[in-house]
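**Q** Below you'll find the structure I mean.
The values are calculated or read from the model by the stated rules, or taken from the named source; none is laboratory data. Computed from a predicted structure; not experimentally measured. So basically every Cβ, Gly included, is an ideal-geometry build from the backbone, and we count neighbours across all protein chains shown.
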């Protein structure tokens, strides 16, 4: 490994520290992971990390679990009126 120093805006540093704390790792490890996700050794590719979710259904279930854990609830009639919520004109 090589040591590198960078300048961060205070908001960036705070977000990195928060992310590292949530993941139980160091800020350096978070930065290395973010860089690895964004760049790779092969030109024309944008990362080497496998997708976290294999299907849209897995992603949707994870979002629903997160919302439930954080006390976020959608409309009680969402299933019955899905088209209305998705396609109704908003004024």
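**Q** Does at least one position in the range 60-77 carry a residue that is under 30 Å from residue 38 (Cα atoms) and in a loop (DSSP other than H, G, I, E, B)?
**A** yes
**Q** If residue 31 satisfies all but one of (1) at pLDDT 90 or above; (2) not in a helix (DSSP H, G or I), what's the number of the condition it fails?
**A** (2)
**Q** What residue, among those in the range 7-25 that are in a loop (DSSP other than H, G, I, E, B) and within 18 Å of the chain's Cα centre (by Cα), is surrounded by the most Cβ atoms within 10 Å (Cβ to Cβ)?
**A** 25
**Q** Quick check: is even one residue across the range 44-56 outside any loop (DSSP other than H, G, I, E, B) and either modelled with pLDDT of 85 or more or surrounded by fewer than 10 Cβ atoms within 10 Å (Cβ to Cβ) (or both)?
**A** yes
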